[in-house]
Amino acid sequence: MRPLSTCWRLAFGVLALWTMGFCFAARHPSVDAVDFFSYFTVLSNVIGGGALLAGAVPGWRDTAWADGLRGAAALYLVITGAVYALVLDGPVTTWAGWVQHRVMPVVAPLDWLALAPRRLPARRTLACWLAFPLLYLVYVLAHGAATRWYPYPFLDVRRHGYEIVTGYTVGIGAAFVTVAALLLGGAGLRRRAPSRGTP
């Protein structure tokens, strides 16, 4: 199982990072590096690719921090795929779009659930996972107030006002918490499941 999981993680980790590198190189001239990396889609795919590669390295695999990173990547990518499909109603018309919004949002949670990680402290893990999206939201609002540019229309305070943006963020925040709880619970069930052949 270990050679197969290592090949799986190497293949999809390289695919995710290579795709983001391609998108960065092919971005529109008006999109600078700061704007490019201001998209949660980009960040979640970079984290996802890095987490899969970390999980394939013998010295890092099965460590607490690598397992925690894999879980965080699974959470962020599930939300990335769901928000793109349900909130942005975005079509997927390119191979890079498929990797970012369809492939990685499935691969990362499958890797997390199928290869059950070591036991992680639920409350501390949940807090760590949710810290990054919260910091991202603070950054986007501060950056938008300074530059009048927002990476996503539902976060555009100029267009919608803080009341509507707050409604969106509360809803997405609830989704983060729910998905994180499901990922932690699913990993716990997977760990407790009897191995094949166990009486």
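Identify, please: which residue in segment 42-53 is of a type outside the set (A, V, I, L, M, F, W, C) and under 14 Å from residue 6 (Cα atoms) and is, among those, surrounded by the fewest Cβ atoms within 10 Å (Cβ to Cβ)? Reasoning before the result, please.
Within segment 42-53, the first condition is being of a type outside the set (A, V, I, L, M, F, W, C), and the residues that meet it are 44-45, 48-50.
With under 14 Å from residue 6 (Cα atoms) added as a condition, the list becomes 49-50.
Working: 49: 25, 50: 16.
Filtering segment 42-53 for residues that are of a type outside the set (A, V, I, L, M, F, W, C) and under 14 Å from residue 6 (Cα atoms), the one surrounded by the fewest Cβ atoms within 10 Å (Cβ to Cβ) comes out as 50.
Within segment 132-156, how many residues turn out to be farther than 29 Å from residue 70 by Cβ, open to solvent by less than 20 Å² (accessible area, probe 1.4 Å) and part of a helix (DSSP H, G or I)?
If we filter segment 132-156 for residues that are farther than 29 Å from residue 70 by Cβ, which is where we start, we get 142, 144-150, 153, 156.
Filter again for open to solvent by less than 20 Å² (accessible area, probe 1.4 Å), leaving 144, 156.
So of that shortlist, the ones also part of a helix (DSSP H, G or I) come out as 144.
Count: 1.
Output the residues belonging to segment 92-109 that are over 11 Å from the mean Cα position of the chain (by Cα), open to solvent by less than 70 Å² (accessible area, probe 1.4 Å) and farther than 14 Å from residue 19 by Cα.
Residue satisfying the conditions is 92 alone.
Out of the residues in segment 78-91 meeting the condition of being touching a His at 6+ places or on another chain (Cβ under 9 Å) and free of Cβ contacts under 8 Å to residues at least 40 places away in the same chain, tell me which one is most open to solvent (accessible area, probe 1.4 Å). Even if it seems obvious, please write down each step before you answer.
Restricting attention to segment 78-91, the residues satisfying the condition of being touching a His at 6+ places or on another chain (Cβ under 9 Å) are 80-81, 84-85, 90.
Next, only the ones that are free of Cβ contacts under 8 Å to residues at least 40 places away in the same chain stay: 81, 85, 90.
Numbers: 81: 10, 85: 41, 90: 15 Å².
Once the filter is applied, the top-ranked residue is 85.
Before we move on, is residue 143 at pLDDT 95 or above and more than 20 Å from the chain's Cα centre (by Cα)? Show your work before the answer.
Working: at pLDDT 95 or above: yes; more than 20 Å from the chain's Cα centre (by Cα): yes.
Judged against the criteria, residue 143 is a match.
Yes or no: residue 112 buried (at least 16 other Cβ atoms within 10 Å of the Cβ) and aromatic (Phe, Trp, Tyr)? If you could, list the steps in order and put the result at the bottom.
On the way: buried (at least 16 other Cβ atoms within 10 Å of the Cβ): yes; aromatic (Phe, Trp, Tyr): yes.
Yes: the conditions hold for residue 112.
Taking the stated definitions as given, is residue 56 within 14 Å of residue 16 (Cβ to Cβ), open to solvent by less than 60 Å² (accessible area, probe 1.4 Å) and in a loop (DSSP other than H, G, I, E, B)? Step through it out loud before you land on a result.
Details: within 14 Å of residue 16 (Cβ to Cβ): yes; open to solvent by less than 60 Å² (accessible area, probe 1.4 Å): yes; in a loop (DSSP other than H, G, I, E, B): yes.
Yes; evaluated as a whole, the condition is true for this residue.
The values are calculated or read from the model by the stated rules, or taken from the named source; none is laboratory data. The shown structure was predicted, so the numbers you read here are calculated from the model rather than taken from an experiment. For neighbour counting, all protein chains shown are included, and Cβ atoms are generated from backbone atoms with ideal geometry for every residue, glycine included. Areas reflect the complete protein model, heavy atoms only, side chains present, ligands, DNA and RNA absent. Shrake-Rupley method; radii C 1.70, N 1.55, O 1.52, S 1.80 Å.
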